[in-house]
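The values are calculated or read from the model by the stated rules, or taken from the named source; none is laboratory data. All values reported here derive from a predicted model rather than from experimental measurement. Every residue, glycine as well, gets a Cβ built from its backbone with ideal geometry; the counts of neighbours run over all protein chains shown.
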Amino acid sequence: MSNNNFLSIYAKSFNWAGFFLPKKIYLKCSNLYDFCRTVDNIADQDEELEPKKNKFLAFKNSFHNKNFSDPIIKNMWSLIEEYQISIKVVDDLFDGVEYDLKNKLEINSKKELLIYSYRVAGTVGLMMAKILNVKDNNSLKSSIDLGIAMQLTNISRDIIEDSKRNRFYVLHNFDSIKETLKIADLFYESSFASIKKIPLSFRFSILVARRVYRKIGHNILNKKTIENYNNSGKIYVNNIGKIIQTFLSLYDLLRLLLIKDEDHLRYKEHQIINEEINLNERF
């Protein structure tokens, strides 16, 4: 594990859910998050565009050249080799972060939004599923769905912060926010049944993460108007809310035992992504 432990610093919802993982697996997930956060932090730094591009390319080259003097890169390669993570998935992540390295970023279609969300977050869901020993291809696709759902939630929450960086993923009005969260909800739903394919000792943690992150979206919708949203600051789930969502996840755990093994994939949305990225080559 790196000394940074970005998971506990930047991702408090995930860190909460990680409490329910075996320690060894939590450390591996933390190593994955350290890598993804390091890449993302380059794009989010408050400096001129060209220095950020240079840092990004330097880190990307260091990764591909297996510069093991960097512990974050060394740990990531260890995960890739142990869990047979496709390099194409890591390159998809790089492509997503590179997309942010513009003077002004505007996403103008659902297709762009879905592909971007896959690259920066669906990839993370897929790599996490590999670490959690998920083998079934449909379940791996559903892990992408959960990552996309969480990214759409992030986008809906961070509109003001992103606009300060000249990034406009969705329009700054409440109808657009509601529509984005409606799409996120479809992906949250499609991800549920496949959690049954995750080994039992890991399953509850993913249910908690799914519940807590989905609740962020519900808290956004509870603002009801763009004025309330603008005045809310960072919208999150407090510790009491996390405890409530954790108990509700026990219900989800029981519900998983009762549902049939059915396919709830978002085929239409996957086909949109497949127009540019062959998801079947990522497993």
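Entry remark, the range 252-276: residues being under 20 Å from Leu186 (Cα atoms) and either of a type in the set (Phe, Trp, Tyr) or in a helix (DSSP H, G or I) (or both) number 12 in total.
Checking each residue in the range 168-195 for being more than 16 Å from the chain's Cα centre (by Cα) and not hydrophobic (A, V, I, L, M, F, W, C) picks out His172, Asn173, Asp175, Ser176, Lys178, Glu179, Lys182, Ser194. Scan the range 182-239 residue by residue and report those that are touching a residue at least 60 places away in the same chain (Cβ under 8 Å), among the charged types (D, E, K, R) and touching a Phe, Trp or Tyr at 6+ places or on another chain (Cβ under 9 Å). Matches in the range 182-239: Arg210, Arg214. Of all the residues in the range 41-77, those that are in a helix (DSSP H, G or I) and either farther than 21 Å from Arg119 by Cα or touching a Leu at 6+ places or on another chain (Cβ under 9 Å) (or both) number 12. Is it true that His270 is at pLDDT below 95, more than 19 Å from the chain's Cα centre (by Cα) and surrounded by 13 or more Cβ atoms within 10 Å (Cβ to Cβ)? Answer is no for this residue. Annotation note: Cβ proximity below 7 Å between a residue of the range 159-175 that is in contact (Cβ under 8 Å) with a residue 60 or more places away in the chain and a residue that is of a type in the set (S, T, N, Q) and in a loop (DSSP other than H, G, I, E, B) (sequence gap 6+ or interchain) occurs for Asn166/Asn103. Residue pairs whose Cβ atoms lie under 8 Å apart, separated by 6 or more positions or on different chains, with the first residue in the range 70-82 and touching a residue at least 24 places away in the same chain (Cβ under 8 Å) and the second polar (S, T, N, Q) and part of a helix (DSSP H, G or I), are Ile72/Asn31; Ile72/Thr38; Ile73/Ser62; Asn75/Asn31; Met76/Asn31; Ser78/Asn31; Leu79/Asn31. Within the range 11-28, at least one residue is polar (S, T, N, Q), touching a helix residue (DSSP H, G or I) at 6+ places or on another chain (Cβ under 6 Å), assigned to a helix (DSSP H, G or I) and modelled with pLDDT under 95. Looking across the range 58-94, the residues that are surrounded by 15 or more Cβ atoms within 10 Å (Cβ to Cβ) and of a type in the set (Asp, Glu) come down to Asp70, Asp91, Asp92. Would you please name the residue that is surrounded by the most Cβ atoms within 10 Å (Cβ to Cβ), looking only at residues in the range 211-245 that are in a loop (DSSP other than H, G, I, E, B) and among the basic types (Lys, Arg)? Filtering the range 211-245 for residues that are in a loop (DSSP other than H, G, I, E, B) and among the basic types (Lys, Arg), the one surrounded by the most Cβ atoms within 10 Å (Cβ to Cβ) comes out as Lys223.
Here are some residues: Asp145, Asp162. Which one is acidic (Asp, Glu), closer than 18 Å to Asp252 by Cα and assigned to a helix (DSSP H, G or I)? If you could, list the steps in order and put the result at the bottom.
Numbers: Asp162 fails: closer than 18 Å to Asp252 by Cα.
Exactly one of Asp145, Asp162 is acidic (Asp, Glu), closer than 18 Å to Asp252 by Cα and assigned to a helix (DSSP H, G or I), namely Asp145.
When you check Asp136 against the structure, is it touching a helix residue (DSSP H, G or I) at 6+ places or on another chain (Cβ under 6 Å) and acidic (Asp, Glu), yes or no? When the stated conditions are applied, Asp136 passes them.
When only residues in the range 210-235 that are at negative phi and charged (D, E, K, R) count, which is farthest from the chain's Cα centre (by Cα)? Among residues in the range 210-235 that are at negative phi and charged (D, E, K, R), the one farthest from the chain's Cα centre (by Cα) is Glu227.
What residue, of Val90, Val124, is touching a Gly at 6+ places or on another chain (Cβ under 8 Å), part of a helix (DSSP H, G or I) and over 19 Å from Phe168 (Cα atoms)?
Val124
If you filter the range 93-121 down to residues that are of a type in the set (Lys, Arg) and outside any helix (DSSP H, G or I), you find that the one that is nearest to Pro51 (Cα to Cα) is Lys102. Every listed requirement among (1) out of contact with any strand residue (DSSP E or B) (no Cβ under 9 Å at 6 or more places or on another chain); (2) over 22 Å from Tyr229 (Cβ atoms); (3) not aromatic (Phe, Trp, Tyr) is met by Asp100 save one, (1).
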